[in-house]
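The structure under discussion appears below in the form of structure tokens.
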Amino acid sequence: MKVMVVGAGHVGATTAQRILEGELADVHLVDIKEGLAAGKALDLAQAAPVVGHSRRITGSTTYEGGAGAELAIVTAGLPRKPGMSRDDLIGVNGPIMAAIARAVAKVAPEAVVIVVSNPLDVTTTIFQEESGFPPQRVMGMAGVLDTARFRTFVGQALGCSPEDVSAMVLGGHGDSMVPLIASATVGGLPLRELLPAERLAPVVERTQNGGAEIVSLLKDGSAFYAPAAASVQMASAILRDEQRVLPACAWLTGQYGLSDLYLGVPVRLGRAGVEEIIEVAVSAEELKRLQASAAAVREQVARWHDMRDATLTERQ
Ligand code: NAD
């Protein structure tokens, strides 16, 4: 098995490390910055005898080393700076994603793809459009991370292990995400019975601002340990055909009353990519928020299409 990780920055390099050390697959790391992917690949290769694994890694500014990869994880592009929204990144990360999608499609036409770069719902759309891959094989990582943040904060509020918190976050990656409260459980018990509404509200709010909180602390860069861990959980589900039920940014074809857009929903992940989109009953309020989230994503995708068309017209 081979995984191509595009972008050898914080998220990309940490993702590569986890894939190797988890013995999931060999890795080809790509970065536009001369020497960065090659240097990090060499460094990671030299950790192998100490850590004790036999997976191989290469790194380059080119994609050929990733030929025939079963999975591509795209983490290339700028992260947010304090005060920026994820959507502010479209102008820079949109064209980067379009170029990467075409390059990945050339060398690994059968790959399943996990997009990580922000703004997530838009970059995932761009990758699918530019690669021409079936939507089932292209998805975005956000829900596993957003859910992990929710689980962490619930665990902290209750003084219990976040591992025992089971929850699902739907919607776009950003302020419009929709944590499903009614179905959330702690050790099998309903969350709502353990944490009163007035203590739950700040937990939900902190989850929605989870990325921004880290950006404001780091000042230069955004979260990467948890995003890499979340990406690798999805990678494992795909490479090992685990059929895991996880939230992912997936292409909707009528589910939740929405179609023709990428949005965070529960899916079953396996070797073919998104094997099923799972529809669960949501409350009227949650549905309203999911629709608002979808509207926000559609608006940003339309913004990207306008930018792309304007650039094409300029070039003609
Ligand atoms: P980073 O700056 O550390 O790394 C990004 C890397 O991309 C850099 O090394 C850069 O040289 C490379 N790059 C830029 N253009 C490229 C191109 N055309 N081809 C190949 N490589 C290119 O940033 P990071 O912290 O690793 O974050 C990467 C992206 O992931 C950002 O857009 C960030 O917002 C996003 N992110 C998303 C989530 C999520 O939940 N989906 C979580 C964390 C970060």
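None of the figures in this text is laboratory data; all of them are computed from the coordinates on show. What you see is a predicted model, and the numbers here were worked out from it, not measured in a lab. Cβ coordinates were reconstructed from backbone atoms using ideal geometry, including for glycine residues, and neighbour counts include every protein chain displayed.
So if R0 is 35 Å, what FRET efficiency would residue 51 and residue 272 give, r being the distance between their Cβ atoms, rounded to the nearest 0.05? Intermediate results must be reported in sequence, preceding the final value.
Details: r = 31 Å, r/R0 = 0.89.
With R0 = 35 Å, the Cβ-Cβ based efficiency is 0.65.
Whole-Hz Karplus ³J(HN,Hα) for the range 80-89, in order, using 6.51 cos²θ - 1.76 cosθ + 1.60 and θ = phi - 60°, x for Gly and Pro?
Computed from phi, the couplings for the range 80-89 are 6, 10, x, x, 8, 8, 4, 5, 5, 8 Hz.
Which residues' amide hydrogens lie under 5 Å from the amide hydrogen of residue 248, considering only partners 5 or more residues apart or on another chain, with H built in the peptide plane?
Hits under the 5 Å cutoff: 265, 267.
Quick check: Cα centre of the range 31-52 to Cα centre of the range 190-227, how many Å?
With the range 31-52 and the range 190-227 each reduced to a Cα centre, they are spaced 32 Å.
Non-local amide H neighbours of residue 261 (under 5 Å, H modeled in plane, Pro and chain starts lacking H): which ones?
Correct list: 252.
Considering only the other residues whose Cβ falls under 11 Å of the Cβ of residue 101, what net charge follows from Lys and Arg at +1 and Asp and Glu at -1? Can you show the working numbers first?
Details: positive: 102, 106; negative: 129, 130.
Summing Lys and Arg as +1 and Asp and Glu as -1 gives 0.
Putting +1 on Lys and Arg Cβ atoms and -1 on Asp and Glu Cβ atoms, find which of 118, 67, 179 reaches farthest to the positive end of the dipole of the chain.
67
Straight-line reach only, C-alpha to C-alpha below 25 angstrom: list the lysines that residue 219 could link to, leaving out same-chain residues fewer than 8 apart.
Filter leaves 33, 40, 81.
Counting other beta carbons within 10 Å of each residue's own, what order do 60, 283 fall into, fewest first?
By the 10 Å Cβ count, ascending, the order reads 283, 60.
Within 10 Å of each candidate Cβ there may be at most 15 other Cβ atoms; applying that plus a DSSP loop requirement, which GluC sites (Glu not before Pro) in the range 7-104 survive? Kindly include the intermediate steps, with their values, before the conclusion.
Values: sites: 21, 23, 34, 64, 70; in loops: 23, 34, 70.
The qualifying sites are 23, 34.
Let me have the relative contact order for the range 2-140, percent, based on Cα pairs under 8 Å that are six or more residues apart.
23 percent
For the chain, take the longest principal axis of its alpha carbons; what is the angle in degrees between that and the long axis of helix 90-107, to the nearest 10 within 0 to 90?
In the chain, helix 90-107 runs at an angle near 60 degrees to the longest axis.
Indicate, rounded to the nearest 5 percent, the antiparallel portion of the DSSP beta bridges found entirely in the chain. Write out the running numbers ahead of the final one.
Numbers: 22 of 42 bridges.
Around 50 percent of the beta bridges assigned by DSSP in the chain are antiparallel ones.
Looking at the range 14-79, which trypsin sites (Lys or Arg not before Pro) are in a loop (DSSP not H, G, I, E or B) and have at most 15 other Cβ atoms within 10 Å? Show your work: numbers first, answer last.
Values: sites: 18, 33, 40, 55, 56; in loops: 33, 55, 56.
Hits after loop and neighbour filter: 33, 56.
Set the Förster distance to 25 Å, then compute FRET efficiency between residue 189 and residue 245 from the Cβ-Cβ distance, nearest 0.05.
Details: r = 20 Å, r/R0 = 0.79.
E between residue 189 and residue 245, to the nearest 0.05, is 0.80.
Show the residues, 5+ positions off or on another chain, whose built amide H is closer than 5 Å to the amide H of residue 240.
none
I'd like the distance between the alpha-carbon centres of the range 250-273 and the range 116-153, rounded to an integer number of Å.
Using only Cα atoms to place each centre, the spacing works out to 11 Å.
Report the charge-dipole magnitude of the chain in Debye, nearest 20, computed about the Cα centre from +1 at each Lys and Arg Cβ and -1 at each Asp and Glu Cβ. Intermediate results must be reported in sequence, preceding the final value.
Details: 28 positive and 35 negative charges, 73 e Å.
Around 340 debye, computed over the chain.
Report the local net charge at residue 271: Lys and Arg +1, Asp and Glu -1, summed over other residues whose C-beta lies under 10 Å from its C-beta. Intermediate values should be presented prior to the final figure.
Details: positive: 240; negative: 70, 241, 242, 275.
Every neighbour counted, the sum reads -3.
Based on alpha-carbon positions alone, could you give the equivalent ellipsoid semi-axes of the chain from the gyration tensor, as √(5λ), descending, whole Å? Don't skip to the answer; put the middle values down first.
On the way: eigenvalues 178, 113, 69 Å².
Equivalent ellipsoid of the chain: 30, 24, 19 Å, largest first.
Counting only the backbone N, which residues of the range 101-137 are under 14 Å from the spot 7 Å out from the Cα of residue 307 toward its beta-carbon?
Label zone hits: 117-127.
Determine the dipole magnitude for the range 143-300: charges of +1 sit on the beta-carbon of Lys and Arg, -1 on that of Asp and Glu, nothing else is charged, the reference point is the Cα centre, and the result goes in debye to the nearest 20.
On the way: 13 positive and 18 negative charges, 28 e Å.
In total the dipole reaches around 140 debye.
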